[in-house]
Amino acid sequence: MTAGGNCSTPAVVSDSLLVPDTEHRGLVSALPPMPRAFAMLARFDRPIGWWLLFWPCAWGVLLAGGEARWGLILWMLAGSIAMRGAGCVYNDIVDADLDRKVARTAKRPVASGFVSPKAAWIWLLALCCVGLVVLFQLRPKAQLVALGSVALVAAYPFMKRITWWPQAWLGMVFTWGALVGWVEIRSDHLEVLAALYLGSIAWCIGYDTIYAIQDREDDALVGIRSSALRMGTHVRGGVAGFYTMAVAFWALAFWMLRHDWVAMVGLVPVALHLAFQVLTLDPEDGDNALARFRSNRDLGLVMALACWVVGNAGII
């Protein structure tokens, strides 16, 4: 199951597998070397990813009026954890050669050689099986919508090689859950869903641009493209622009559902949170950028509460 790395020296293995943005270092380090490697391969040490994948699912359910479907929301959380993990494993298999050239990713299990590609594929299939169980909890129409994301997910790792805007592709992939959540609850008012989805894509482009700030120097050296590099010295203004687009589309979704300006009040905390990120962002400080990126976990909750209020009051 390994290719390189010595399991007889767990302290060395622990240090070699930890990466700069690892959370819960004590918990991860307590695992035996091999389980630790697979946990990190699926990014279980960094829960921010599954929260960012989950929140649009919850938004779709709550804005569609599914506030009583807490079981569904929990299933979607489980699916987000599993499928985010599967996506990360697939990404690491495809990007192993590139990851070795970037300081922040060189220690990832596949790139470092601690986990073999074959073992990574087996782990990927296991995670997909969990996702399949979640898929079966949905009605057929929502299942078809969920399966529609497969091609986008498969193509994503290659986007950084062919476009300066891989964050836009990630936006389509990582916010697809909004479509699934809405269609599971209802199939009408697709214009509301479209606005919610477009706003979510803009939000994802914004926060992933902030995340990409950490890698700008290494990315430029190895030929990886990103919106952070494309924006250059205007990265803060670019993020502000995408966040503004996000709030505008979400406001449109709320308006089309409820036709009441009071519904816009729910977006005030959302807008303030995003404005805080932009105003306090230091593009020259990787730690600052990482903290602003992670704060979108809280933004997701604030937006979920807004969707719950408007969706509960705005069924038409």
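The values are calculated or read from the model by the stated rules, or taken from the named source; none is laboratory data. Computed from a predicted model, the values in this text were never measured in an experiment. Cβ: placed from backbone, ideal geometry, glycine included. Neighbour counts: every protein chain shown. Only protein heavy atoms, including side chains, enter the accessible area calculation; ligands, DNA and RNA are left aside. Shrake-Rupley method; radii C 1.70, N 1.55, O 1.52, S 1.80 Å.
So here's what we get for this one:
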{"read-out": "Count of region 279-309 residues which are closer than 12 Å to residue 56 by Cα and modelled with pLDDT under 95", "value": "0"}
{"read-out": "Close pairs from region 276-293: first closer than 14 Å to residue 216 by Cβ, partner part of a loop (DSSP other than H, G, I, E, B) and open to solvent by 50 Å² or more (accessible area, probe 1.4 Å), Cβ under 6 Å, at least 6 apart", "value": "288/282"}
{"read-out": "Set 101, 118: member being in contact with a helix residue (DSSP H, G or I) (Cβ under 9 Å, 6 or more places away or on another chain) and not hydrophobic (A, V, I, L, M, F, W, C)", "value": "101"}
{"read-out": "Whichever residue in region 105-133 is assigned to a loop (DSSP other than H, G, I, E, B) and among the charged types (D, E, K, R) and, among such residues, is most open to solvent (accessible area, probe 1.4 Å)", "value": "107"}
{"read-out": "Unmet requirement for residue 209, which otherwise passes all of (1) of a type in the set (S, T, N, Q); (2) touching a Lys or Arg at 6+ places or on another chain (Cβ under 8 Å); (3) surrounded by 21 or more Cβ atoms within 10 Å (Cβ to Cβ)", "value": "(2)"}
{"read-out": "Residue in region 78-90 that is open to solvent by 10 Å² or more (accessible area, probe 1.4 Å) and over 20 Å from residue 170 (Cβ atoms) present", "value": "yes"}
{"read-out": "Every residue from region 134-178 that is exposed (fewer than 13 other Cβ atoms within 10 Å of the Cβ), modelled with pLDDT of 95 or more, in a helix (DSSP H, G or I) and out of contact with any Ser or Thr (no Cβ under 8 Å at 6 or more places or on another chain)", "value": "140, 144, 147"}
